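Let me begin by presenting the structure, written as structure tokens, before commenting on it.
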Amino acid sequence: MFTILLEGITFKLIIMMKKISENDFRRIDLNLLTVFLVLYREASVTRTAEVLHLGQPAISGALKRLREMFNDPLFVRSTKGMLPTPRAEALISDMQPLMEDLHAVIFGAQDFSPATAKRIFRVGMSDWSEHWLMPDLLPVITHDAPGLELHIVAADPFQVRRLLEEDMIDIAVSLNKPSIGEVVSEPVMTMGVSTLWSPQQIPCDGPLLINDFIAYEHIMVSYRESNHSEIDRQLINQGLQRHVRYVTANFSTFPLLLTTMPVFATVPDGLGRRWQQHFALRSSATPVNYPSFTLCILRHKRRVQDPALNWLMAQLKSTMLRF
């Protein structure tokens with residue numbers, strides 16, 4: 001329903017914009033409207049000049065142009081000051097709320113109330129980040145901001161920047177991504193990897209030794225369909241090699257594969273800990289020198305001042321830092 005409402009509002013705005021003739025506004029000095037409003041309030045050319053820090057001739061000149069613009073005297077002199085004509089009264093009735101709204105849009109602070117807001121956030125992340133973060137993050141969002149929806153968009157590290165630049169997502173969690181161009185990346189935390197297996201399939205209690213590590217087959221994730229990673233390079237440096245049985249772009253099948261086959265899976269620590277909460281798996285430090293990686297939150301520069309997105313970013317950071 002909320003999506004339909006947004007589409008309806010967007011359609012109405014498009015129709016309204018089509019009714020606006022930019023050429024009409026080019027013929028109007030909008031600063032004159034400020035003079036008009038102040039002159040109506042002060043009922044005096046002298047006081048209007050003082051309020052706007054202008055000379056009386058400038059105010060008189062502005063009033064002349066206003067009269068030409070609206071084809072009406074607008075204000076007439078009297079013993080009580082400059083009195084508005086009926087046309088001026090009608091203009092004030094229509095113009096005052098519009099100017100107040102314009103002032104609020106330009107100068108007012110943007111507010112965001114999680115408890116009452118209704119919005120959809122498109123969050124880009126890989127499937128392992130979703131497995132790791134969402135069981136903790138979504139209950140918080142549901143409790144604190146019941147009107148918000150999260151739409152998760154699959155975004156591996158090679159896709160995330162393009163998705164932000166093309167406005168396919170609002171915010172993203174990814175790794176080792178510096179700020180480049182219009183995309184801002186904020187480092188949040190570092191994480192390592194660990195190796196998982198089922199003790200029913202591989203009779204090892206840990207810690208895992210290198211000989212055990214290469215004695216059994218492996219399953220791995222690759223976003224570019226390669227069956228080699230930093231682990232394999234480290235093994236080659238030691239004159240060793242492992243056998244990768246299964247390569248996929250997603251981690252989601254790993255728990256089931258680990259419980260049905262004698263294989264190892266090396267995964268980010270956050271994901272490994274999450275799986276150990278739900279599956280009878282063993283975990284050990286990976287017995288090769290695998291470097292830790294940095295996790296970042298990314299968004300486009302045009303969204304940096306978005307208070308709603310800033311709130312979501314704070315929730316993401318808080319959830320990530322609980323690890």
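The values are calculated or read from the model by the stated rules, or taken from the named source; none is laboratory data. Fair warning: this is a prediction, and the values are worked out from it, not measured in the lab. Note that each Cβ is placed from the backbone with ideal geometry, even for glycine, and that neighbours are counted across all protein chains shown. Remember, those area values only see protein heavy atoms, side chains included, never the ligands or the DNA or RNA. Shrake-Rupley method; radii C 1.70, N 1.55, O 1.52, S 1.80 Å.
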*Can you list the aspartates and glutamates whose alpha carbon sits under 14 Å from that of Lys80, skipping same-chain ones fewer than 8 residues off?*
Glu42
*Those aspartates and glutamates that a straight Cα-Cα span of less than 18 Å connects to Lys118, excepting residues fewer than 8 apart in one chain*: Glu7, Asp144, Glu149, Asp170, Asp306
_Loop-located chymotrypsin sites (Phe, Trp or Tyr not before Pro) in the range 59-161 whose Cβ has at most 16 other Cβ within 10 Å (DSSP)_ = Phe112, Phe158
*Whose amide H sits under 5 Å from the amide H of Phe264, counting only residues 5 or more places off or on another chain, with H placed in the peptide plane?*
Glu217, His218, Ile219
*Distant-in-sequence amide H partners of Phe323 (H built 1.01 Å from N, under 5 Å)*: none
*Exactly which trypsin sites (Lys or Arg not before Pro) in the range 138-236 are in a DSSP loop and have at most 14 other Cβ atoms within 10 Å?*
Arg224
*Assuming R0 = 45 Å, what is the FRET efficiency of Val51 and Thr116, from their Cβ-Cβ distance, to the nearest 0.05?*
0.75
*Could you estimate the translational diffusion coefficient of the range 193-291 from the Stokes-Einstein equation, with Rh from the Kirkwood formula over C-alpha pairs, at 10 °C and 1.306 mPa s, in whole µm²/s?*
118 µm²/s
_Taking just the alpha-carbon atoms of the chain, what radius of gyration and Dmax come out, in angstrom?_
31.5, 103
*If you plug each phi of the range 234-241 into the Karplus form 6.51 cos²θ - 1.76 cosθ + 1.60 with θ = phi - 60°, what whole-Hz ³J(HN,Hα) values come out, in order, with x for Gly and Pro?*
5, 5, 4, 4, 9, x, 10, 8
*What residues have an amide H closer than 5 Å to that of Leu148, excluding those fewer than 5 places away on the same chain, when H is modeled at 1.01 Å from N in the peptide plane?*
Arg119
_3J(HN,Hα) from dihedral phi, the range 46-62, Karplus parametrisation 6.51/-1.76/1.60, rounded to Hz, x for glycine, proline_ = 4, 5, 4, 4, 5, 4, 8, 6, 10, x, 4, x, 5, 5, 4, x, 5
*Determine the calculated [θ] at 222 nm for the chain from helices alone, applying -39500 (n - 2.57) to every DSSP H run no shorter than 4 residues and normalising by the residue count; nearest 500 deg cm²/dmol.*
-14000 deg cm²/dmol
*Please work out the Cα convex hull volume for the range 28-104 and give it in Å³ per residue.*
89 Å³
*Please identify every one of the GluC sites (Glu not before Pro) in the range 167-230 that sits in a loop by DSSP and has no more than 16 other beta carbons within 10 Å of its own beta carbon.*
Glu182, Glu225
_Label zone at Thr260, where the point sits 7 Å out along the Cα-to-Cβ direction: the range 206-226 residues whose backbone N lies under 19 Å_ = 217-221
*What's the FRET efficiency of Gln234 with Gln305 using the Cβ-Cβ distance as r and R₀ = 35 Å, to the nearest 0.05?*
0.20
*asked:* Using a 1.4 Å probe on the protein heavy atoms, what percent of the accessible area of the range 93-238 belongs to carbon and sulfur?
replied: 53 percent
